[in-house]
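Comments concern the structure below.
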Amino acid sequence: MKAISDILPHIAYGGDYNPEQWNEKVWYEDAALMQKAGVNLVSVGIFSWAVLEREEDRFDFTWLDKVMNILHEHGVGVCLATATASPPAWLSRKYPETLAVDDKGVPYSFGSRQHYSPNSSIYRRAVKKLVTKLAERYKDHPALKMWHINNEYGCHVSECYSQDSLEAFHAWLRRRYQTIDTLNEKWGTNFWSQRYNYFDDITFLSNTPTFPNPGQQLDYKRFMNDSLLELYMVEKKILRDITPDVPVFTNFMFEFKPLNYFSWAPELDVVTWDTYPDPREGTPEAHALQHDLMRSLKHGQPFLVMEQVTSHVNWRDINVPKKPGEMRLWSYSAIARGSDGIMFFQWRQSRAGAEKFHGAMVPHSGDEQSRTYREVQQLGQELKQLDSLTGAVVPARAAIIFDWENWWAVEMEGKPHNKLSYLEQVKAYYHTFYRRNIAVDFVQPGGDLSSYDLVAAPMLYMVKNGEKKNLEQFVENGGTLVVSFFSGIVDENDRIHPDYYPEPLRHILGIHVEEFVPMAGGEWNQLSAGTDHYRCTTWSDVIHLETAEAAAYFTEDWYQGRPAVTTNSYGKGKAVYVGTEPEQAFIDDILTGLMREKGITAPASAPPNVEIVERTSGKGNHLVIVNHNQEEARIELDSGRSYVDLLAGTKVENEVIVQAVDVLVLRQTEQK
């Protein structure tokens, strides 16, 4: 298969295009407007199954043929969707067993979207037929650039309790455990007399009187992730067989818990995702985190923003529009962090349907002078000047460990503190790096850590086979590891590791934890670190030092004077343990000190709320500077380097001024 940069040599720009909602006259108007706006790529047919196959085996591709031809004639490439995200009415009517079933045993009804059961053999058969027809018809069409498989898997239905799914779950468990005795051991079913004699005895945990078996809960989440991924693979195999040189992908989502995107990423030729920051948040930090995560899924390969909105969405309680300049600003934030494409939902605002008030590149009025379209046109023309950015990576010496299965496990019921948020712990550590413009990757606990100097592991509750050795090698070889409270507690089946907590991390941390002290709402303690004092909440560990030294102590309650934060030398490196949830200032201070020790610095110093990210490739080094402030920002550059401002075409040295709510994209031209 060709490299993505060969297929998309420019920054991709466009959006979801739904021509089936419009007549042929509008298609030509749209194509002309796309040219004016600098659009070079659109996704077509995402929800068009009902008009492609009007009844079983009665296909109609004539309209799509015309659309593909018109787009190609106007220089617009196509991400052709497989249209499988929303099955048509005839399929649900004729084959009701294809419908997904909720946890109360009630089938979902037709009339919305994503109502299919991923384990329905009849649904899969229909999918194979449609995808094969599409691939065979358009395999040689010059407009075809990529395949867009399904859409936002699991967005509305991430769990299915149908009979087909139950039978598939039994088969999944047989493959995983081989024997029922092994399953019983891994799930600990002797507790509460939960033992199974046969795989077929296993039911869904959809209506238990109290806490269900956590090992079974965890495996059901894995099973549903694998079911949806297997469904994706059904389509991928067909497309790869018929169009081996055309990249395939599906679009991921913001802070989406049900799917383990690390397990999906190897099966995508390019990671794409949908980003919808709420203008009321006041900061794009949460979405910057997701950009960095998406870039990390394929080990630094650039990703594409497949959906965002120009102005406002339609599905929040109050759908506040982006202010003038914000769409452009947040688009460049994505580009800074590794995106090689800026796409929108959608091209033309719908007249009917559930999303008719969702913003688009062309508003209901169709007015070329509307604020929305003028901003779309400005951004599209600017992106044409950034070809040298395509394929460029974001070099990072710091990383945060992120694990979806750990996320699932730590937030299941029955914990010492049942209001723990894994994502909030991750965000606390990310905040320090983001505010200081330190590039950061996200890595799995068993992934390659050799390129990093500093790795943070917030709430690594689950440590699976092989991860202990991987973390030990990282520290032993000179890395610095920061581990937060409630880490190293269970194995992959949510069984407690024997011996003191945190058993798999005990040697590198040089401590053991005797017991936990969760704090009720409103309770707090204090850390004393030399002459500095910090508030802490939520959780305290009763820590015993082994080979570690205390870096901070608790000052209150019955465990006052005991270590709260520890450091331990291990091999050539160091491991830090934070046995509580400290205020953000403490995390900032400890990470900043560790970065100073490792010589990890930002590309340039900047005022608050200014993002500076470096992207590098064989085409040159770039700095993308995004000023989120309402006033100009002055940035001092490395005095040994010269740059060209790609948007203005001017030479830059020593210092630049970024206007309020504005961006600069600088390409290094020489080094003195």
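Key figures for this structure:
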| read-out | value |
| --- | --- |
| All positions within the stretch 550-592 that are under 35 Å from the mean Cα position of the chain (by Cα) and among the hydrophobic types (A, V, I, L, M, F, W, C) | Ala551, Ala552, Ala564, Val565, Ala575, Val576, Val578, Ala585, Phe586, Ile587, Ile590, Leu591 |
| Candidate set from the stretch 2-35 (those that are among the β-branched types (Val, Ile, Thr) and under 30 Å from Ser617 (Cβ atoms)); member that is modelled with the lowest pLDDT | Ile4 |
| Contacts under 8 angstrom Cβ, first residue in the stretch 140-154 being crowded, with 23+ Cβ neighbours inside 10 Å, partner at pLDDT below 95 and not in a loop (DSSP other than H, G, I, E, B), 6 or more apart | Met146/Ile7 |
| Counted residues, the stretch 234-249 - those being in contact with an Asp or Glu (Cβ under 8 Å, 6 or more places away or on another chain) and closer than 17 Å to Ile46 by Cβ | 4 |
| Qualifying residue in the stretch 518-531 (condition: hydroxyl-bearing (Ser, Thr, Tyr), surrounded by 14 or more Cβ atoms within 10 Å (Cβ to Cβ) and under 29 Å from Gly599 (Cα atoms)) | yes |
| Wholly enclosed helices (runs of 4 or more DSSP H) of the stretch 238-357 bearing at least 1 residues under 30 Å from Trp408 (Cα atoms), in contact (Cβ under 8 Å) with a residue 40 or more places away in the chain and basic (Lys, Arg) | 285-297 |
| Pro563, sole failed condition from (1) touching a Leu at 6+ places or on another chain (Cβ under 9 Å); (2) farther than 22 Å from Arg397 by Cα; (3) surrounded by fewer than 19 Cβ atoms within 10 Å (Cβ to Cβ) | (3) |
| Among residues of the stretch 181-194, those that are surrounded by 12 or more Cβ atoms within 10 Å (Cβ to Cβ) and under 30 Å from Val106 (Cβ atoms), counted | 4 |
| Criterion violated by Val376 - all others in (1) part of a helix (DSSP H, G or I); (2) of a type outside the set (Asp, Glu); (3) in contact with a helix residue (DSSP H, G or I) (Cβ under 6 Å, 6 or more places away or on another chain); (4) more than 20 Å from Arg328 (Cβ to Cβ) satisfied | (4) |
| Filtered residues of the stretch 532-549 (kept if surrounded by fewer than 16 Cβ atoms within 10 Å (Cβ to Cβ) and assigned to a strand (DSSP E or B)) | Asp532, His533, Arg535, His544, Leu545, Glu549 |
| Filter pass, Tyr570 being touching a strand residue (DSSP E or B) at 6+ places or on another chain (Cβ under 7 Å) and surrounded by 15 or more Cβ atoms within 10 Å (Cβ to Cβ) | no |
| Test: residue in the stretch 473-495 that is of a type in the set (A, V, I, L, M) and free of Cβ contacts under 8 Å to residues at least 24 places away in the same chain | no |
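The values are calculated or read from the model by the stated rules, or taken from the named source; none is laboratory data. What you see is a predicted model, and the numbers here were worked out from it, not measured in a lab. Neighbour counts run over all protein chains shown; Cβ positions are idealised from the backbone, glycine included.
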